[in-house]
Amino acid sequence: MQVEAMIRTMYDTALVASGFHVYDQADYAERMARLISKSLEIDYESLREELAEKSKEDLKLAAEDVRKEEEAAKERDAEDARKRKEEEEKMAKESAGTDGQDGEVDLEKLQEAMNIARQGEDDGDEAEAKIEL
């Protein structure tokens, strides 16, 4: 069996050296790894298990990093939304003024100004929303 694997490996290596593709690349890689580990007197199976375990650990760490990044992005989005809302309210209050009745703010006009400002953000409109109060 080892002789057959060695002959197949030599043949596939000749294909690769000639610029051709090996049909079963995974099998070729497996045979090459076994050949190299044998020549270096390394236990291939234990090395393979160790690398598989390391890969699992790396995947877990990567998944944890992705989860943390997603949480951070959600927090940034929530903070941005809170700041945007505060700015909208401040702008609406400044632009709404009063309705002339004892200095009270016209709540309908204030709400309308906030809605127009939100529509401008949703539409990607950079122009200022103007409303006559």
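To put it simply, the accessible area of region 1-47 at a 1.4 Å probe is 65 percent carbon and sulfur.
On full extension, the segment bounded by ARG76 and LEU40 gains 7.8 nm, given 0.36 nm per residue less the C-alpha separation. A simple count of charges around GLU64, restricted to other residues whose Cβ falls under 12 Å of its Cβ and scoring Lys, Arg +1 and Asp, Glu -1, yields -3.
Here each label is just a point 7 Å from Cα along the line to Cβ, and for LYS54 and VAL22 those points are 2.1 nm apart.
Model label points for LEU107 and ARG8, set 7 angstrom from Cα along the Cα-to-Cβ axis, are 8.1 nm apart. By the scheme Lys and Arg +1, Asp and Glu -1, what is the net charge of all other residues having a beta-carbon under 13 Å from that of ILE42? Net charge in that neighbourhood comes out at -2.
The values are calculated or read from the model by the stated rules, or taken from the named source; none is laboratory data. Treat the numbers as computed from the prediction; the structure is a model and nothing was measured. So basically every Cβ, Gly included, is an ideal-geometry build from the backbone, and we count neighbours across all protein chains shown. Surface accessibility is based on the protein's heavy atoms, side chains included, excluding ligands, DNA and RNA. Shrake-Rupley method; radii C 1.70, N 1.55, O 1.52, S 1.80 Å.
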